[in-house]
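Here the structure comes first, spelled out in structure tokens, and everything after it is commentary.
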Amino acid sequence: MTTNTPALGDSDIGVVAALIGEPARAAVLMALLDGRALAASTLAAEAGVSVSTISAHLARLVGGGLISVEASGRHRYFRLSRSEVAQALEALACLAPYRPIRSLRQDTHARAIREARTCYDHLAGRLGVALLEALVRDGVLVASQSKRTRESDPILGAGRSFDYLLTDGGRSRLLELGVQLVSPSRRPLTRYCLDWSEQRPHLAGALGSALLLRLLDLGWITRGDRRVVKVTQSGRSHLAQEFGIVIDG
């Protein structure tokens, strides 16, 4: 069978790697990993460069399809273009060496970001991993080997080796908690990321996003600085009661 459509070669990962690999651009992408849109001045501060310099880096990231730009009046804000970019960054973080800690502030942030953080639009870190484990333990989700894995190559990318299926009882329980389960897009309801700091999966997909939003709405968690998520006093008691998650400290 022949067509007039030109054949496509292998993916040129070097193009994307070059975009991500430059230190200032890498800092920009990591700053945007919580899914929020940030101004160029904020991203310049995160990257440690001038606003004029960051403009050139942002233009390259937009041109490469890794980030998108939104206008609001005279201001422009930048965010990751899609969830696949966040997944790629999280996967690279699993391979990357740790940065040295040179100050008390850096040490405090490093500890906090491993405890609880956002990965694009869902929970990650120890809290995110504990939440997924609690959902499986309580029968809200059932983990099974992916059909794709059984029928083909067992070595698949993060988020594909296992299927996390929402049970009927789990759906009822989450609805009682006020979690929005209707996805406005074709995005999968459940998938997972391999957490770079815990080396275990945390929940992604539409359900992971909905859970994060609901926990924020309930006041059980709040957003901190640079992707950090903080558990409130109310959240400590409710997370323990609802999911059996005990927060130290």
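The values are calculated or read from the model by the stated rules, or taken from the named source; none is laboratory data. Keep in mind that what you see is a predicted model, and the values were worked out from it rather than measured. Counting neighbours? That spans all protein chains shown, and the Cβs are built from the backbone with ideal geometry, glycine included. All accessible areas refer to the heavy atoms of the entire protein, side chains included, with ligands and DNA or RNA removed. Shrake-Rupley method; radii C 1.70, N 1.55, O 1.52, S 1.80 Å.
A few remarks follow.
- Any hit, segment 13-31, residues being more than 26 Å from Leu194 (Cβ to Cβ), surrounded by fewer than 16 Cβ atoms within 10 Å (Cβ to Cβ) and not β-branched (Val, Ile, Thr): no
- Criterion violated by Val69 - all others in (1) touching a Leu at 6+ places or on another chain (Cβ under 9 Å); (2) surrounded by fewer than 17 Cβ atoms within 10 Å (Cβ to Cβ); (3) under 22 Å from His109 (Cβ atoms) satisfied: (3)
- Residues that are touching a Lys or Arg at 6+ places or on another chain (Cβ under 9 Å), closer than 30 Å to Ala206 by Cβ and open to solvent by 40 Å² or more (accessible area, probe 1.4 Å), drawn from segment 88-119: His109, Arg114, Glu115
- Of the helices (runs of 4 or more DSSP H) lying entirely inside segment 137-249, those containing at least 1 residues that are open to solvent by 30 Å² or more (accessible area, probe 1.4 Å) and modelled with pLDDT under 90 are 147-151.
- Test: residue in segment 64-74 that is of a type in the set (S, T, N, Q) and in contact with a Lys or Arg (Cβ under 8 Å, 6 or more places away or on another chain): yes
- Lone qualifier among Arg191, Arg186, Arg214 - being of a type in the set (Lys, Arg) and over 24 Å from Arg114 (Cβ atoms): Arg186
- The numbered conditions (1) in contact (Cβ under 8 Å) with a residue 24 or more places away in the chain; (2) open to solvent by 60 Å² or more (accessible area, probe 1.4 Å); (3) charged (D, E, K, R); (4) under 17 Å from Arg226 (Cβ atoms) are all true for Asp34 except (2).
- Total residues in segment 177-210, condition closer than 24 Å to Gln241 by Cα, of a type in the set (Gly, Ala, Ser) and touching a helix residue (DSSP H, G or I) at 6+ places or on another chain (Cβ under 6 Å): 1
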